[in-house]
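Notes follow once the structure below has been shown.
The values are calculated or read from the model by the stated rules, or taken from the named source; none is laboratory data. Computed from a predicted structure; not experimentally measured. Note that each Cβ is placed from the backbone with ideal geometry, even for glycine, and that neighbours are counted across all protein chains shown. Ligands, DNA and RNA are excluded from the accessible area calculation, which covers all protein heavy atoms including side chains. Shrake-Rupley method; radii C 1.70, N 1.55, O 1.52, S 1.80 Å.
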Amino acid sequence: MGLNLLKFYRIILLKGTLPENYLLKNNLKVHFMKLVCIFAHEKNTLLSIQFDNNDSDEFSKAFNQWQDIEYLEQFFEENKKDLQREFYGNISVEDAVAETIEESRDFEEFIRQIAIRGTGDNESNLNNIVFKTLNNYETTLIHQKSKAYGLVNKSWLRIYAIRISASIFVVSGSAIKLTLEMKDREHTKEELNKLKKTAQYLKNEGFIDEDDYGFIEINN
Amino acid sequence: MKSQQEILDKLNQIIANEPSKWLEEANYRFENKAWLKKSQAIALRILRHIRANSISQKDLAERLNVAPQQVNRWVKGSENFTLETISKIEIVLGIQLIDVSDTLKKNESSISFKKEMPFEFDKNKIFIIEYTDKISNSNYTEVTNCVTKDGNIMWALAA
């Protein structure tokens, strides 16, 4: 149903602009979004989607949430069962919050250095940040695979992005990922939706072709 | 396949005029890291306590006679608390949020022992394991370096 609506939207645009209230009145809920620049340098350009009903873009939102104690305490309390698994050594909510704060601080500082200087330490760039393709275990779904395997890290912080060229990334969302598969939890499933919507938007704007992009998961 | 420049030119046509606030926010968090960490620790203590005791943020606001939005700011972890506010919250909730009481704790004998030992000793051969203001012969096998005043032993090394 979603894809049909988008197709309809494209047709409307070709014929002329319809006022927004027409679309809403006729229950044609179209996902509006805009592209926001995080930073743009020769070797590293990071952009982010900002969805229509949000005060900030997805990239800013990630770091705001990851430093928001109220948000984190609520999140880990709701997902306590996942913390109690052996993989996480039955970590407490308090410790999970503390660890997230610290990791997100380090993660943000790493990216902040790239934003300020144009590049990270030792000329590293966004491509060198440890990231891996989504769905490691489902090889058929994703077209292009990026292969920057670096340090093995148990951080649960994720930023989701689509790479539209060698050094240009478009962030679609973020998550604290406590399970192996994104489809296993509602909040990560929603990130998959946002990724797909972002991909569709970028395709509509002509930035990506069917065979030319991959979903990227950037983690600390 | 478009070139990097073609992609950038095309992007410039659709990118929002207003850049993201992220860098400004990240710079702020970096510059204020030290006290923000403390604020976050306080926020977490408040949140865990009120959750454990089924107190809502609204309840807490009423008890403290402040607006609920004020409490919400506290628990986000970016509030630059006054000492007065911290103390009021501590009293109402019956918990400790920060603790500097040790700094002013009176412990004169140990302070004076540590600072004013009137003799030198070879620190490679002798390790201080305890300061005490009483030496009784049964506790120690050897007492040396006595410093006396008016016939009273003021200082000694005992082993």
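Just need a number here: residues in the range A:47-81 that are aromatic (Phe, Trp, Tyr) and more than 17 Å from residue A:177 (Cα to Cα). Qualifying residue count for the region: 1. Within the option set B:10, B:33, B:58, being open to solvent by 40 Å² or more (accessible area, probe 1.4 Å), modelled with pLDDT of 95 or more and within 11 Å of another protein chain (Cβ to nearest Cβ) holds for one residue only, B:33.
Which residue, of B:25, B:84, is surrounded by 14 or more Cβ atoms within 10 Å (Cβ to Cβ) and of a type in the set (D, E, K, R)? Before you say what the answer is, go through the steps one by one.
Values: B:84 fails: surrounded by 14 or more Cβ atoms within 10 Å (Cβ to Cβ).
Of B:25, B:84, the one residue that is surrounded by 14 or more Cβ atoms within 10 Å (Cβ to Cβ) and of a type in the set (D, E, K, R) is B:25.
Taking the range A:162-210 as the range and being within 14 Å of chain B (Cβ to nearest Cβ), open to solvent by 10 Å² or more (accessible area, probe 1.4 Å) and in a helix (DSSP H, G or I) as the test, the residues that pass are A:201, A:203, A:204.
Here is a check on your reading of the model: is residue A:69 within 12 Å of chain B (Cβ to nearest Cβ), modelled with pLDDT of 95 or more and open to solvent by less than 30 Å² (accessible area, probe 1.4 Å)? Outline the logic, then answer.
Numbers: within 12 Å of chain B (Cβ to nearest Cβ): yes; modelled with pLDDT of 95 or more: yes; open to solvent by less than 30 Å² (accessible area, probe 1.4 Å): yes.
In short, yes.
Pairs are defined by a Cβ separation below 9 Å, a sequence spacing of at least 6 or placement on different chains, a first member in the range A:91-113 that is more than 9 Å from chain B (Cβ to nearest Cβ) and open to solvent by 10 Å² or more (accessible area, probe 1.4 Å), and a second member that is β-branched (Val, Ile, Thr) and not in a helix (DSSP H, G or I); the pairs so defined are A:99/A:91; A:110/A:129; A:113/A:119. For first residues located in the range B:66-88 and more than 10 Å from chain A (Cβ to nearest Cβ) and within 16 Å of residue B:99 (Cβ to Cβ), partners that are of a type outside the set (D, E, K, R) and surrounded by fewer than 17 Cβ atoms within 10 Å (Cβ to Cβ) and lie 6+ apart or on another chain with Cβ distances below 8 Å form the pairs B:86/B:98.
Residues of the range A:53-66 that are within 12 Å of chain B (Cβ to nearest Cβ) and open to solvent by 80 Å² or more (accessible area, probe 1.4 Å): A:55 alone.
Find the residue count for the range B:1-40, including only residues that are free of Cβ contacts under 8 Å to residues at least 24 places away in the same chain and part of a helix (DSSP H, G or I).
Residues of the range B:1-40 free of Cβ contacts under 8 Å to residues at least 24 places away in the same chain: B:1-34, B:37.
Next, only the ones that are part of a helix (DSSP H, G or I) stay: B:4-14, B:22-31, B:33-34, B:37.
Within the range B:1-40, residues that are free of Cβ contacts under 8 Å to residues at least 24 places away in the same chain and part of a helix (DSSP H, G or I) number 24.
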